[in-house]
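The values are calculated or read from the model by the stated rules, or taken from the named source; none is laboratory data. Note that the structure is a prediction, hence the values are computed from the model and not measured. Cβ coordinates were reconstructed from backbone atoms using ideal geometry, including for glycine residues, and neighbour counts include every protein chain displayed. SASA here: full protein model, heavy atoms, side chains in, ligands and nucleic acids out. Shrake-Rupley method; radii C 1.70, N 1.55, O 1.52, S 1.80 Å.
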Amino acid sequence: EDPYFTPPKSSNSNNNSSNRDSHKTPDEAEPYKPIQSLLANTNLLFAYSTVYETNKIQPFHPELGAMILAPKWSQTLSQLCQNGCVAVTTDRALDPKDGWRLVDRMEVENPSVWGSVGYISVLDK
């Protein structure tokens, strides 16, 4: 599991938990509301994604010439961010099938990983 994407565990005890479906209760969803609200109003997003998980089905996108972020990042950000949001990611690009359009890339020095590439994408919903 990705330590940066693990949903918080609920501290509520619920005697009917065996009868519940997989949807979160309002109390369980509450920790996500601030970040969802923030992303919904974000115009510019930066993610140091060098170590983030890549897409398991198609880790490398030949047309972009880039490793692609896993759907839990690319798809989730496209659902939460507003149209026109600019995202800068490192060493992995956001997936075009989720509405992200790669507009530029920049090679930059990053001694800890022998160099990095910054991908600049725009969300077209």
Restricting segment 91-125 to residues that are over 15 Å from Pro71 (Cα atoms) and of a type in the set (A, V, I, L, M), the residue that is modelled with the lowest pLDDT: Val113
Search result, residues across segment 73-99 that are outside any loop (DSSP other than H, G, I, E, B) and over 14 Å from Tyr52 (Cβ atoms): Ser78, Gln79, Leu80, Val86, Pro96, Lys97, Asp98
Flag if Phe46 is in a loop (DSSP other than H, G, I, E, B) and either in contact with a helix residue (DSSP H, G or I) (Cβ under 9 Å, 6 or more places away or on another chain) or modelled with pLDDT of 95 or more (or both): no
Residue in segment 24-41 that is out of contact with any strand residue (DSSP E or B) (no Cβ under 7 Å at 6 or more places or on another chain), loosely packed, with under 10 Cβ neighbours inside 10 Å and either of a type in the set (Asp, Glu) or modelled with pLDDT under 55 (or both) present: yes
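Return the total of residues in segment 72-88 being open to solvent by 20 Å² or more (accessible area, probe 1.4 Å) and within 22 Å of Lys33 (Cβ to Cβ).
Residues in segment 72-88 being open to solvent by 20 Å² or more (accessible area, probe 1.4 Å) and within 22 Å of Lys33 (Cβ to Cβ): 9 in total.
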Considering residues of segment 89-101 that are in contact (Cβ under 8 Å) with a residue 12 or more places away in the chain and open to solvent by 40 Å² or more (accessible area, probe 1.4 Å) only, the residue nearest to Ser112 (Cα to Cα): Arg92
Boolean, Glu107 is over 18 Å from Gln36 (Cα atoms) and outside any strand (DSSP E or B): no
Residue list for segment 50-88, restricted to those being in contact with an Asp or Glu (Cβ under 9 Å, 6 or more places away or on another chain), touching a residue at least 24 places away in the same chain (Cβ under 8 Å) and among the β-branched types (Val, Ile, Thr): Thr50, Ile68
